[in-house]
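Structure first, commentary second.
Only the coordinates and a few stated rules stand behind these numbers; no lab work does. Everything numeric in this text was worked out from a predicted model, so none of it was measured. Here the Cβ positions follow ideal geometry from the backbone for every residue, glycine too, while neighbour counts run over all protein chains shown.
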Amino acid sequence: MRKLHGLRFAALIGIVAFISACQESLIPNDEEVTLKSGELKSANPDKGFIHGIVVDVDDMDYYLAGPADSPDGKRDVPGHYWVKAGKDKLVGKHYNTGPFGATKWWSSNAPDGELLFKVDAIIDEWTEEKAEQYADRGFVHYHELVKVSDGSLHPHKVVWLKHIAVTTFTLDGGPMQPNPGFEMTPGVAYNFMPNYMMPYHADGEMH
C-alpha cells in the first residue's frame, strides 16, 4: 500500500513538474515583445490601440516618424496603431490605410482598411551586431523616432519592427512605391522593407 501511495505521489510530482515546464515555456524572452493575441485578433483599432502614440525614450517624448495625420497633429507610421507592452516595447496593428486616410495605400489587392500585419516593436540602438541579432528574430526593419518638441531624430535609438502577416496579399505600396510588389503570406515577413544593415545616423537620410 505504501508503495502504491509512493507511486501516486511520484506521478503527481511528475504532472506538476510537466505543467510548470509548459508554463515556463510560455514565458516570453525578456528581449522579445509578446503579442497580445486576444486583442490583436480584432481588426478594431479602438481597443486600446492608438495612431500617433507618444513614447518616452530617455525621459523625452517621441513619435514614430511619419505624417502628422493623427489627432492633434501627432505623427506616426501610416496605417499603424499601437499599444504599449512594457518599457521600450510596443505591439501594433498595420492596416491597409495610408497617410490622412489614403485608400489601399499598402496593397492594391487587399480591401481598403484591412488588417495586414501584427507588429512587434522594440526601441533600441542600432549597431551592426544588434542589427544581425534582431534580423535573425524577424526584426528586419527599423524606423526612426522623432522628438515631439522639435521633430529631431533620436541621436542613437530606433524602433525595431517585426511584421507578421495575417492574410495573403500583394505588398506593392507604402513609402517605397511605385514598386512591382511581392506576395505576402501569413507568418513573419522577413521581406518587409529590410533595412537592418543600413547604419543609422541621426543626421542622415530617413530609411
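Take the alpha carbon atoms of region 47-172, find their radius of gyration, then divide it by 2.2 N^0.38 Å using N residues; give the quotient.
Against the empirical 2.2 N^0.38 Å value, I get 1.04 for region 47-172.
Can you compute the modelled spin-label distance between Glu114 and Asp56, with each label point 7 Å from Cα toward Cβ, in nm?
For Glu114 paired with Asp56, the spin-label model returns 4.0 nm.
By how many nm would the segment from Thr170 to Phe100 grow when fully extended, if each residue of separation counts as 0.36 nm and the alpha-carbon distance is taken off?
So the chain would gain 23.0 nm between Thr170 and Phe100.
Label points 7 Å out from Cα along the Cβ direction at Glu128 and Asn179: separation in nm?
Placing both labels 7 Å along Cα→Cβ, they lie 2.5 nm apart.
Provide the net charge surrounding Thr103, with neighbours chosen by a C-beta distance below 12 Å and charges set as Lys +1, Arg +1, Asp -1, Glu -1.
Local charge sum for Thr103: -1.
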